[in-house]
1. Along the charge dipole of the chain, which of SER131, SER22, PHE71 sits closest to the positive end, that is, farthest toward it, with unit charges on the beta carbon of Lys, Arg, Asp and Glu (+1, +1, -1, -1)?
2. In Å and from the alpha-carbon atoms only, list the Rg and Dmax of segment 107-193.
3. Considering just Cα atoms, how many Å³ per residue does the convex hull of the chain enclose?
4. Mind giving me the FRET efficiency for HIS149 and LYS185? R0 is 25 Å, r the Cβ-Cβ distance, nearest 0.05 is fine.
5. Taking only DSSP H segments of four or more residues, each worth -39500 (n - 2.57), what value at 222 nm results for the chain once the sum is divided by all its residues, to the nearest 500 deg cm²/dmol?
6. Less than 16 Å apart at the alpha-carbon level, and either on another chain or at least 8 residues along: which lysines does that give for LYS107?
7. Out of all DSSP beta bridges in the chain, what portion is antiparallel? Express it as a percent rounded to 5.
8. Pick out which of GLY11, GLY74, GLY95 has the largest mean-square fluctuation in a Gaussian network model of the chain, springs linking Cα atoms closer than 10 Å.
Amino acid sequence: MKSILFTGVSGVGKSTIVRAVSAELNLPHSDYADFIIALLPEISKDDIPLLPWERRQQIYRDLDQIIDDFFREGPPGSSTDLYILENHLSVISEGAVKAFELSQYRKYNMCAICVIKSAPSIISARRVADSTRKRRRDTITLIERQQSHNSCFAQQLSSAYSIPYVEFENPPGSPPIDHIVRWVKSISLTNRE
């Protein structure tokens, strides 16, 4: 099974966009955090960013085989060969942007990468306004640094794995769902040829 990786900083609107695109195209999707919660049901999605970096790295290593099996076999009951995965290219820990190794992304069997971006001030405001979650309250500068890192890293992944990469701006009130749906359809068609 191939995956399209949707990525962006926390609060940029990935989950909203992924749910809408998946529903429109009838494609299965999940957040990488769902795999963590399945492995460690005692923690919530919002607890993960609060864990020490070393502990998070151990959790990621523990998930390697589960993720490998999932993308080799596909989700139970799925009849599609394309999956949308929401994940991060970097995280913020101890006031710094922490990156992952390029090789760690091989297990996702990616066929494309979509980076969702927004103005750091908008992302910060979204995090503050989201009373349903325990969102990080990073500085505008740190959010900007993480977004910049994600763009550069996505380009490196695109080059390393010879897959397409695109960025979409997510302005307040009007996520670019139609544009992203068209892009995902083009990826889907390309992967069937």
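Computed from the coordinates by the stated procedures, all read-outs in this text should not be read as laboratory data. Predicted, not measured: the structure shown is a model, and the values here were computed from it. FYI the Cβ positions are ideal-geometry reconstructions off the backbone, even for glycines, and counts take in every protein chain you see.
1. SER131
2. Cα only, segment 107-193: 15.1, 45 Å (Rg, Dmax).
3. Dividing the Cα hull volume of the chain by its residue count gives 116 Å³.
4. 0.30
5. Dividing the helical sum by the residues of the chain leaves -15000 deg cm²/dmol.
6. LYS2
7. 20 percent
8. In this elastic network of the chain, the residue with the biggest mean-square fluctuation among GLY11, GLY74, GLY95 is GLY95.
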